[in-house]
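**Q** I'd like to ask some things about the structure below.
The values are calculated or read from the model by the stated rules, or taken from the named source; none is laboratory data. In this text, all values refer to a predicted model and were calculated from it rather than measured experimentally. Glycine gets a Cβ as well: all are built from the backbone with ideal geometry, and neighbour counts include every protein chain shown. When the accessible area is computed, the model is the full protein with side chains, heavy atoms only, and any ligands, DNA or RNA have been set aside. Shrake-Rupley method; radii C 1.70, N 1.55, O 1.52, S 1.80 Å.
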Amino acid sequence: DPQIAKEVAKLLEMKAQLGGDEGKQKFVLKTPKGTRDYSPKQMAIRERVFNAIITCFKRHGAEVIDTPVFELKETLTGKYGEDSKLIYDLKDQGGELLSLRYDLTVPFARYLAMNKITNIKRYHIAKVYRRDNPAMTRGRYREFYQCDFDIAGQFDPMIPDAECLKIVHEILSDLQLGDFLIKARLGGFLCAMVNDRRILDGMFAVCGVPDSKFRTICSSVDKLDKMLWEEVRSEMVGEKGLSPEAADRIGEYVQLHGGLDLIERLLQDPKLSQNKLAKEGLGDMKLLFEYLTLFGITGQISFDLSLARGLDYYTGAIFEAVLLQQENDHAEEPVSVGSVAGGGRYDGLVGMFDPKGRKVPCVGVSIGIERIFSILEQRVEASEEKIRTTETQVLVASAQKKLLEERLKLVSELWDAGIKAEVLYKKNPKLLNQLQYCEDTGIPLVAIVGEQELKDGVVKLRVVATREEVSVRRESLVEEIRMRTSQP
C-alpha cells in the first residue's frame with residue numbers, strides 16, 4: 001500500500017532528525033510505581049505459598065472462578081466507602097468507562113447477580129489494583145495478589161462463618177508464620193479478632209452516636225490497633241464532632257476483648273441487651289464461638305470490640321488475623337505486627353447488583369499474600385536456605401565426545417515419559433561441567449550415556465549428592481528415576 005509506505009518514510013525521516021542512538025540513554029528501565037518483578041527464586045517461594053493456600057481451599061470443597069481484570073466503572077463505584085479514591089480508572093474505551101478491579105469481592109458479587117447464582121463456595125486468586133501511594137517496604141503495592149475464599153448462600157447462622165475462620169487458622173498454621181516470629185523475638189502466635197458490625201452499630205446507638213456518624217466513627221475505632229484510645233477519642237470529638245460523653249461511653253466498650261465469657265457478660269449488659277441489633281449480634285457471636293470450640297481453635301481467637309474494618313459492604317461478623325510478637329518475657333500484651341488475613345459477612349452486596357434487589361448472603365476471607373510472602377522471603381534470606389527454581393529431576397549427560405544424538409534421543413524418551421529432564425546445549429560438554437551444572441541448580445540425578453553403556457543397553461545413573469553410580473537397564477530407567485525422586 002503506497003499510503004503506508006509514505007507514512008513509514010515520513011516516520012523514518014523524523015527518526016533521522018531526532019538523531020541516531022543518542023535518545024536511548026534517556027530511556028529509564030524501571031517497573032512502574034508500586035509494582036515489582038518477581039525473580040525465579042521469589043516465584044519459587046510464592047508458588048509454595050499459593051500451593052498451601054489452594055490445597056486448603058480445595059480441602060474445604062471450593063470451586064475456582066476468574067473474572068476480568070477490569071470492570072465497568074459503575075460496578076465498582078460506591079462499594080468501598082472512603083477508599084473509592086484509590087480505584088484505578090482507565091481512559092474511555094470505545095464508549096465504556098472502565099476501572100481496574102480493586103478487590104475480588106465486588107467482581108464476585110457482580111458475577112453472582114449476573115448469573116443468578118444463589119449458592120456457591122468459590123476461591124479466586126488474582127491481581128488487584130489500587131492507586132495507593134505505595135509504601136513498598138511495608139508490602140503495600142499498586143498491583144498485588146489477593147487470595148479469596150467465599151461462601152454464598154442461605155444457610156443456618158454462623159456455620160459458614162466458623163469454617164472461614166477455620167480456613168484462616170489452617171493456612172496460617174500450615175505456613176508456620178508463627179515460628180518465624182518466635183525466632184525473631186521471644187514468644188509469638190497467631191490471633192484472629194472477630195467482631196460483628198451489628199454489635200458495633202448497636203453499641204454506637206447505646207452510646208448515643210447519631211446514625212449519620214456511624215460510618216465515620218467506625219473508621220476512627222478501626223485505628224485502635226495503631227493508635228492509643230486517647231488519640232482516637234480526640235479524633236472523634238475534635239474532628240468528627242462527637243459529644244465527649246458518647247466518646248467516653250464507646251471507650252468503655254471498645255477496649256474490651258476476650259472469648260465466650262466476654263460475650264456472656266455483654267449479653268447481660270443492661271444497656272446492650274436492650275438494643276435489638278446488639279443482642280442479635282451477640283447471640284450470633286456466642287454461636288460462632290461454640291462452633292469454633294468444636295473446631296478446636298478458640299485458643300487463637302479473641303472477640304475484640306475495637307475492630308471495625310473499614311469497607312462499607314460488611315454487615316455481620318468481621319475478622320482479621322494479625323501476627324503477634326511479644327517484645328520480651330515480661331510484655332503485658334502481645335504486639336501486633338500486622339494483618340495477614342481479613343474478611344467477614346457481606347449480605348447486601350449481591351443485592352446492590354440485582355435489578356430486583358434479591359439478596360444472596362455471603363461470607364468470605366482474604367489471605368494477605370503479599371505480607372506473608374515478604375515474611376517468608378526475609379526468612380529465606382536470613383537462613384540462607386537454598387531454593388530450587390526448577391524441578392528438573394535428571395540431567396542427561398555424556399562422558400565422551402560425539403554423543404549429542406544419543407543424549408537428545410534419551411532426553412526425548414524421558415520427556416515423553418513425563419520425567420523432568422534437561423540436557424546441556426553443547427555438542428561435546430565436559431563431564432565435569434555437566435556435573436557442576438547439577439550442583440548449581442540442585443538437579444539430584446545424572447543419567448550418563450557412554451559408548452560402552454549404549455552397547456550394553458544400560459544407562460549409568462549417578463546421584464549428585466552422594467556420587468554413587470548404578471547401572472540401570474534402559475527400559476527400567478524411567479521407573480528408577482521416578483522411584484528416586486518421588487516425594488516422601
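**Q** In whole Hz, what ³J(HN,Hα) sequence does the stretch 480-486 give by Karplus (6.51, -1.76, 1.60; θ = phi - 60°), x for Gly and Pro?
**A** 5, 5, 4, 5, 7, 10, 5
**Q** Using the Cα gyration tensor of the stretch 40-382, with a ≥ b ≥ c the square roots of its eigenvalues, what is the shape: rounded (a/c below 1.5), prolate (a/b larger than b/c) or oblate (neither)?
**A** rounded
**Q** Further question on the same structure: Just to check I understand the Karplus step: with θ = phi - 60° and J = 6.51 cos²θ - 1.76 cosθ + 1.60, what whole-Hz values come out for the stretch 201-216, glycine and proline as x?
**A** 4, x, 5, 4, 4, 4, 7, x, 8, x, 3, 5, 9, 3, 4, 6
**Q** Continuing with the same structure: In terms of modelled amide H atoms, which long-range or inter-chain residues lie less than 5 Å from the amide H of Ala341?
**A** For Ala341, the qualifying residues are Ala321, Gly368.
**Q** Taking a threshold of 23 Å on the Cα-Cα distance, which of the pairs Lys166/Lys386; Lys15/Lys91; Lys41/Lys127; Lys226/Lys286; Lys427/Lys460 fall above it?
**A** Lys166/Lys386; Lys15/Lys91; Lys226/Lys286, as the Cα separations exceed 23 Å there.
**Q** Under a 5 Å amide H to amide H cut-off, with H placed in plane at 1.01 Å, what residues pair with Ile117 once short-range neighbours are removed?
**A** For Ile117, whose amide H was placed from the backbone, there are no distant partners under 5 Å.
**Q** Also, quick follow-up: Of Gly95, Phe57, Asn115, whose Cα points farthest to the positive end of the dipole of the chain (charges on the beta-carbon: +1 Lys, Arg; -1 Asp, Glu; origin at the Cα centre)?
**A** Gly95
**Q** Rounded to the nearest 10 Å², what accessible area does Val470 show when all protein chains are kept and the probe is 1.4 Å?
**A** 40
**Q** Ignoring ligands, DNA and RNA, what percent of the accessible area of the stretch 40-382 is carbon or sulfur (1.4 Å)?
**A** The value for the stretch 40-382 is 51 percent carbon and sulfur by accessible area.
**Q** May I pose another question? Can you tell me the accessible area per residue over the stretch 359-488, all protein chains present, probe 1.4 angstrom, in square angstrom?
**A** Averaged over the residues of the stretch 359-488, the accessible area is 58 Å².
**Q** Could you give each residue of the stretch 245-253 its phi-based ³J(HN,Hα) in whole Hz, using Karplus coefficients 6.51, -1.76, 1.60 with θ = phi - 60°, and x for Gly or Pro?
**A** Calculated HN-Hα couplings, in order: 5, 4, 4, 5, 5, 4, x, 4, 8 Hz.
**Q** If you take every residue apart from Thr441 with its C-beta less than 13 Å away from the C-beta of Thr441, what net charge results, scoring Lys and Arg +1 and Asp and Glu -1?
**A** Computed value for this residue: 0.
**Q** On to the next question. List the lysines whose Cα lies under 18 Å from the Cα of Lys116, skipping any in the same chain that are fewer than 8 positions away.
**A** Lys356, Lys359
**Q** Quick check: net charge around Cys207, other residues with Cβ under 13 Å of its Cβ, Lys/Arg +1 and Asp/Glu -1?
**A** Values: positive: Lys213, Arg233, Arg249, Lys271; negative: Asp201, Asp211, Glu245, Asp248, Glu252, Asp269.
Within the 13 Å Cβ shell, the charges total -2.
**Q** Which percent of the accessible area of the stretch 394-486 is formed by carbon and sulfur heavy atoms (probe 1.4 angstrom)? Walk me through the numbers before you get to the answer.
**A** Working: 2800 of 5460 Å².
After summing per-atom areas, the C and S share lands at 51 percent.
**Q** Please say if the stretch 394-486 is rounded, prolate or oblate, where rounded means a/c under 1.5 for a ≥ b ≥ c the square roots of the C-alpha gyration tensor eigenvalues, and otherwise the choice is prolate for a/b larger than b/c and oblate otherwise?
**A** Since a/c stays below 1.5, the shape of the stretch 394-486 is classed as rounded.
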